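Shown next, in structure tokens, is the structure this report addresses.
The values are calculated or read from the model by the stated rules, or taken from the named source; none is laboratory data. Quick caveat: nothing in here was measured; it's all calculated off a predicted structure. Don't worry about glycine lacking a Cβ; one is built from the backbone with ideal geometry, like all the others, and counts go over all protein chains shown.
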Protein chains: 4
Amino acid sequence: MKNKIEFSSDYNEGAHPRLMEKLVETNMLQTFGYGLDPYCGEATDIIRNLCGNKNVDVHFIVGGTLTNLISICASLRPHQAVFSPENGHIHTMETGSIEATGHKILTIPSKEGKITAEQIDEAYGEYFCNEGRVHLAQPKMVYITHPTEYGTLYKKSELQAIANVCRERGLFLFVDGARLGYGMTAEGSDFDLKFLTECCDIFYIGGAKQGALFGEAVVVKNKYIAEDFRQVIKQRGGLLSKGRLLGIQFSELFKDGLYFAIAKHANNMADMIRQSLKRAGFDFFVENTTNLLFPIMPDRLHEELSKTYNMTYLKRWDNTSSVIRIATSWATTETNVKSLISDIERLCAPKLKQSA
Amino acid sequence: MKNKIEFSSDYNEGAHPRLMEKLVETNMLQTFGYGLDPYCGEATDIIRNLCGNKNVDVHFIVGGTLTNLISICASLRPHQAVFSPENGHIHTMETGSIEATGHKILTIPSKEGKITAEQIDEAYGEYFCNEGRVHLAQPKMVYITHPTEYGTLYKKSELQAIANVCRERGLFLFVDGARLGYGMTAEGSDFDLKFLTECCDIFYIGGAKQGALFGEAVVVKNKYIAEDFRQVIKQRGGLLSKGRLLGIQFSELFKDGLYFAIAKHANNMADMIRQSLKRAGFDFFVENTTNLLFPIMPDRLHEELSKTYNMTYLKRWDNTSSVIRIATSWATTETNVKSLISDIERLCAPKLKQSA
Amino acid sequence: MKNKIEFSSDYNEGAHPRLMEKLVETNMLQTFGYGLDPYCGEATDIIRNLCGNKNVDVHFIVGGTLTNLISICASLRPHQAVFSPENGHIHTMETGSIEATGHKILTIPSKEGKITAEQIDEAYGEYFCNEGRVHLAQPKMVYITHPTEYGTLYKKSELQAIANVCRERGLFLFVDGARLGYGMTAEGSDFDLKFLTECCDIFYIGGAKQGALFGEAVVVKNKYIAEDFRQVIKQRGGLLSKGRLLGIQFSELFKDGLYFAIAKHANNMADMIRQSLKRAGFDFFVENTTNLLFPIMPDRLHEELSKTYNMTYLKRWDNTSSVIRIATSWATTETNVKSLISDIERLCAPKLKQSA
Amino acid sequence: MKNKIEFSSDYNEGAHPRLMEKLVETNMLQTFGYGLDPYCGEATDIIRNLCGNKNVDVHFIVGGTLTNLISICASLRPHQAVFSPENGHIHTMETGSIEATGHKILTIPSKEGKITAEQIDEAYGEYFCNEGRVHLAQPKMVYITHPTEYGTLYKKSELQAIANVCRERGLFLFVDGARLGYGMTAEGSDFDLKFLTECCDIFYIGGAKQGALFGEAVVVKNKYIAEDFRQVIKQRGGLLSKGRLLGIQFSELFKDGLYFAIAKHANNMADMIRQSLKRAGFDFFVENTTNLLFPIMPDRLHEELSKTYNMTYLKRWDNTSSVIRIATSWATTETNVKSLISDIERLCAPKLKQSA
């Protein structure tokens, strides 16, 4: 298994070499712990600047599940709940971590991983107009991911509409940006960190899937949520003793645009594969422009490719084909991509000919 | 502040250089995530071997607070509680993290950070003999640290006695070994990992304070606790996506005794300072043989030393002196130690003369 | 509003007069608290006898939401979850109470409030066969209601099949019997308390909706769940200080079949209304034989009836009609039922004629 | 055991006969559930009036443990904790119910059950001045009982001082009044409900121990805590379906001073016993003027009395005597009190003579 080429996820490698160099370079320096070091300070300044808001708080948390559960439980009173797309990461992939903090997830049907302002407004309205709402968990936050689990993007206008509904309904808006860089550098992306900051009460910028060893940078704009946020991080185990490791990595990622450059690279690699699959005539379960591809692939082809490559089986499509997830990352090499493309073309040659 | 020499904690630096080299060397290799990689496998095998028990489960968790809260909440039913020394880390330094999982901490008065088998037996007896115990949280686990928060050690016979009481009373024994290496290599230490494994239901071997960037290795012997332990780790956010980072570090630390060698070094460094302080005539709040020193220091001396060194102020002793904590670590250099000793001797010269 | 005749729920009145007499009669007697009194003892014996199992534990809990949350949290480890029909009371009507104990509810699509053994098996299978199940909450319990929220019944064979799947899959079976009496005395009901006890790990017999002032009797057969169950009741606030109030009521309800007799009365009253509505030509959202009716009613009729009667608006059916819930109970008088029927017939006379 | 005369607690009987009459009288009336009935409305108005504040919210909750846990968890964010006297009911008698909602209890040493404004100020100051307070649970609420577990009273000036510290430190003040009536009618009591309302953010008036079958009336003044409080009550299972049972009882208790009259009676009964014990020369573990007595009693006397009376053994005092708790209540008869006194005098006759 070890020798196969990985397209199964965006965390198959370590960190971008520039981060490793920086970690080695600073390794024996002495600093205070728990994020009270100059590197975290520097990273905070850079991120505040990119967000166009000097008043936001920036915290660095060890991992994504922790970031989700901390952000949500720091925001809600006991009876309050969070809206999530029904395929949201917090609902489907985190072992009930949100519920373990005491809060219910209220799901909203999603289309290609996305939900709309109208859906949120309607779901909130149903709650609000229910005379028996004392028996219902109270929606107080909206959780979405950008890009989504399916690699799709919210348009600026869609996000603005969601932010508007949230403001009108008194809901906090929380954007999970575990793959934010891949989203912001994708074709069709039409907003930046400044706009995201304007829309959200709280969001985070993922590191682990985009060049860091680990870690996520949470941006907290809402003052109610921001108060004592560090204590909630500590309570849930998200405060790294050697906090500088996160400061060093995020400084390096953001100081000259490395973060976006390597995300763009991943998108480019994905696009090469996407075009190849399209040429070979395959449909996609979801169309997108980011680093996750969801081709509907004949089982025989998947089986053949699996001798050389690791991809993720998602679900059965029909008797002879399945939905497969192919992921590229900042670390994906053009060599590996070309190898995959060449194998696809070779194996699909008859089909390609047929369609010619 | 940055230029001061640190004796404030054992996590002021990064990782032991050999670990950094290994992380750099493996950086671009591709592996599966979440601890299902060959490095975690290798580290598990090494640790099982050192524990003399092939049947224990070994898990690598991102941080100490997480390890404590996961180990405790995975073990207890809702009405159950954990005994802890009243100065236990879970009670005094983790922002209510155990209570946040729903469980009460029942404190036992500690002497120099330690509690005894007799105390545990008596406390459990009081619970058990109370006819109204339906109104009481049920003690089900004993949490102790080795070495303790005060750097003191349990003797083999003391640990055995505690393990016996736990077995008789149906209590799980959980040892927090965040500084286990410093304890096991200290003068007067009389047991090894094999004995610890025999005594405990669950314990952990600290990495972050002993040469790793971060991470703790939990050893779970009790089969009830062990079941689905990984799901509890994930639920609480302790499962690292790039789990191999922990496997690589723990493999390197344990493969040829590096862990114990660098812990011994820290103890030696501490002992040089200890002897110097004794020569200068200072008493200690607690006597111990590990890497944390607790001298009772005149405020004027502390003030003077603080211009060059960071130490931790613990509490006031009398009108003119305080309890100070001095920590050495795997990374403490002899140069810095000699500098500190020389400053102590210089500043205490009159006193030294006086006592001569 | 106060002078309207109530058909809105089965808890609009106090308790059956015989229970009130007994409470008055015993009012000044002195007993121990917290359920350790002779009345709770007597009620326990009677219930054990009806269940055909002397080894079950019986506990009396103040209310239904408490009974649900206590039964579930006493059964599950932190990472475990409970399957529930998507319209299950715990999912839709209890303000997130289960999640507040830390556990996720995994919903299964329900038909007329019911789920099947096949659905449970498939849902568990999907979990079990998922290689990434460390990221999923683990199903460990099945929650169903009998009768369901829609007043429908599980057949003996259906319940047996569910119990079989639970046993094979290692799932606890928990039956919410808040309206159990109405179910067991309904036409088409084909099992008794003995059979229910054989099938379940834990279930409860509702009091508040069936003749008591308040209170539910939980029957715990599974020994793992049963251990220290009283402590969990106390911890969650469900242990009544004057516990005998529950013992007195349940003794009286069960000592000579009062419970079933008054439930049967409610079903009879419901059936009179049901037949009347059928004669008037109305369809039902769900067909059932218990005390809750779900007619699809023209809005004009509902409006007219609402001047005299309280019913529950459930949801819109089409432009001119809605689903209405009509509830009878142990306390419903034939006079009120006849009054309602007569009003229905009067108001629907043209329609009745039309169809004649 | 059943035939002994009870002095073991203040909940050995049912309800005051006037309440039973009212419950019987209203038994078959139909009302809405969940506290939205005219009786709860009436009781709310009466209590608001007694509190001298039309803007407070009043809620009726099934039991004391529920009231404590709901009041506390509705007030705190996840990292926040509650100060309690070390013998506080929430810390020692509720099976870890507060921790089960996720919050730590921070204990303050108590003298005769009481804590002082100075202690609270000092404890908060220690937290606030700790530079490492990110590692500490944040005190945000003060919990005290009036009268205390030892039947002692806060003076008006002491309560005012505590309220002042709470205001300065941003702490909520929560008074557990499970026995409030016994306190407010005791000799030496110098404040009323109006003053209590001025001082507190939230408090409750106990029913179960003072004439009701069950139930506590919570008065919520603080607007932050008050918001959606009913949803938290429901979520934790404290919202009675037949909520009117609480409204009826509290209306009856408060409409013409019954509550205070019967509490005064209990205090008088206690005082008769107190004087008798003093005449017999016994010391008290704690001196107080309310309905709980804590004599230090020779074991032989206790043993002898125990043949006829139930009292509560509290703890050993010395080799030959123990601290015993004797409780009177609204239901204690003068006949039983005289019987006890006469037995004390008879059994202590030699001692009485000796001292004469």
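Quick look at the values:
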quantity: Single residue of the stretch D:109-122 satisfying the filter (of a type outside the set (Ser, Thr, Tyr) and buried (at least 20 other Cβ atoms within 10 Å of the Cβ)) that is farthest from the other protein chains (Cβ to nearest Cβ); calculated: D:Lys114
quantity: Tabulated pairs, the stretch A:109-130, first over 22 Å from A:Val175 (Cα atoms), second not in a helix (DSSP H, G or I), C-beta under 6 angstrom, 6+ apart or interchain; calculated: A:Tyr127/A:Leu136; A:Tyr127/A:Pro139
quantity: Inter-residue pairs, beta-carbon under 7 Å, first surrounded by fewer than 17 Cβ atoms within 10 Å (Cβ to Cβ) and in the stretch C:161-172, second at pLDDT 95 or above, 6+ apart; calculated: C:Asn164/C:Ala117
quantity: Only one of A:Lys104, A:Lys22 that is among the basic types (Lys, Arg), more than 8 Å from chain B (Cβ to nearest Cβ) and crowded, with 24+ Cβ neighbours inside 10 Å; calculated: A:Lys104
quantity: Every pair of residues 6+ apart whose Cβ atoms lie under 6 Å, when the first sits in the stretch A:222-240 and is closer than 14 Å to A:Thr101 by Cβ and of a type in the set (S, T, N, Q) while the second is surrounded by 24 or more Cβ atoms within 10 Å (Cβ to Cβ) and modelled with pLDDT of 95 or more; calculated: A:Gln235/B:Thr95; A:Gln235/B:Gly96; A:Gln235/B:Ser97; A:Gln235/B:Ala100; A:Gln235/D:His79
quantity: Hits in the stretch D:202-245 - residues which are among the hydroxyl-bearing types (Ser, Thr, Tyr) and touching a strand residue (DSSP E or B) at 6+ places or on another chain (Cβ under 9 Å); calculated: D:Tyr204, D:Tyr224
quantity: Qualifying residues in the stretch A:66-103 (those that are of a type in the set (Ser, Thr, Tyr) and either touching a Lys or Arg at 6+ places or on another chain (Cβ under 7 Å) or part of a loop (DSSP other than H, G, I, E, B) (or both)) - the one nearest to D:Cys73 (Cα to Cα); calculated: A:Ser75
quantity: Subset tally (residues that are within 8 Å of another protein chain (Cβ to nearest Cβ) and closer than 28 Å to C:Thr185 by Cβ) for the stretch C:210-243; calculated: 4
quantity: Complete set of residues in the stretch C:217-240 that are touching a His at 6+ places or on another chain (Cβ under 9 Å) and either at pLDDT below 95 or not basic (Lys, Arg) (or both); calculated: C:Ala217, C:Val218, C:Val219, C:Val220, C:Asp228, C:Phe229, C:Gln231, C:Val232, C:Ile233, C:Gln235, C:Gly238, C:Leu239
quantity: Members of the stretch A:269-285 that are surrounded by fewer than 20 Cβ atoms within 10 Å (Cβ to Cβ) and either aliphatic (A, V, I, L, M) or not assigned by TED's automatic domain parsing to the domain that holds A:Ala327 (or both); calculated: A:Met272, A:Ala280
quantity: Verdict on D:Gly14 being away from chain C (no Cβ under 13 Å) and either at pLDDT below 95 or more than 27 Å from D:Gln235 (Cα to Cα) (or both); calculated: no
quantity: A:Arg179 at pLDDT 95 or above, charged (D, E, K, R), crowded, with 24+ Cβ neighbours inside 10 Å and closer than 30 Å to A:Pro17 by Cα; calculated: yes
quantity: Subset tally (residues that are touching a residue at least 12 places away in the same chain (Cβ under 8 Å) and either within 11 Å of another protein chain (Cβ to nearest Cβ) or not polar (S, T, N, Q) (or both)) for the stretch A:25-51; calculated: 17
quantity: Complete set of residues in the stretch B:78-101 that are crowded, with 24+ Cβ neighbours inside 10 Å and hydroxyl-bearing (Ser, Thr, Tyr); calculated: B:Ser84, B:Thr95, B:Ser97, B:Thr101
quantity: Restricting the stretch A:300-330 to residues that are out of contact with any Ser or Thr (no Cβ under 6 Å at 6 or more places or on another chain) and of a type in the set (D, E, K, R), the residue that is surrounded by the most Cβ atoms within 10 Å (Cβ to Cβ); calculated: A:Glu304
quantity: Subset of the stretch D:155-195 [more than 12 Å from D:Thr145 (Cα to Cα), touching a strand residue (DSSP E or B) at 6+ places or on another chain (Cβ under 6 Å) and of a type outside the set (Phe, Trp, Tyr)]; calculated: D:Ala163, D:Cys166, D:Leu171
quantity: Meets criteria (in contact with a Lys or Arg (Cβ under 7 Å, 6 or more places away or on another chain), more than 7 Å from every other protein chain (Cβ to nearest Cβ) and not hydrophobic (A, V, I, L, M, F, W, C)) for A:Lys54; calculated: yes
quantity: Selection within the stretch D:189-209 - in a loop (DSSP other than H, G, I, E, B) and out of contact with any Lys or Arg (no Cβ under 7 Å at 6 or more places or on another chain); calculated: D:Ser189, D:Asp192, D:Gly207
quantity: Search result, residues across the stretch B:57-66 that are within 13 Å of chain A (Cβ to nearest Cβ) and surrounded by fewer than 23 Cβ atoms within 10 Å (Cβ to Cβ); calculated: none
quantity: Members of the stretch C:5-41 found to be over 25 Å from D:Asn27 (Cα atoms) and not in a loop (DSSP other than H, G, I, E, B), listed by number; calculated: C:Pro38, C:Gly41
quantity: Candidate set: the stretch B:125-160, residues that are part of a loop (DSSP other than H, G, I, E, B) and within 14 Å of chain D (Cβ to nearest Cβ); chosen: the one surrounded by the fewest Cβ atoms within 10 Å (Cβ to Cβ); calculated: B:Glu131
quantity: Residue list for the stretch D:67-76, restricted to those being under 15 Å from the mean Cα position of the chain (by Cα) and either more than 9 Å from chain C (Cβ to nearest Cβ) or within 19 Å of D:Gly211 (Cα to Cα) (or both); calculated: D:Thr67, D:Ser71
quantity: Pick from the stretch B:221-263, criterion surrounded by 24 or more Cβ atoms within 10 Å (Cβ to Cβ) and under 19 Å from the mean Cα position of the chain (by Cα), ranking: nearest to A:Gly215 (Cα to Cα); calculated: B:Gly238
quantity: Residue check, D:Tyr259 modelled with pLDDT of 95 or more, of a type outside the set (S, T, N, Q) and touching a strand residue (DSSP E or B) at 6+ places or on another chain (Cβ under 6 Å); calculated: no
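Every residue, every condition in (1) charged (D, E, K, R); (2) in the same structural domain as A:Leu29 (by TED's automatic domain parsing); (3) not in a helix (DSSP H, G or I), yes or no:
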residue	(1), (2), (3)
A:Ala212	no, yes, yes
A:Lys234	yes, yes, no
A:Gln249	no, yes, no
A:His265	no, no, no
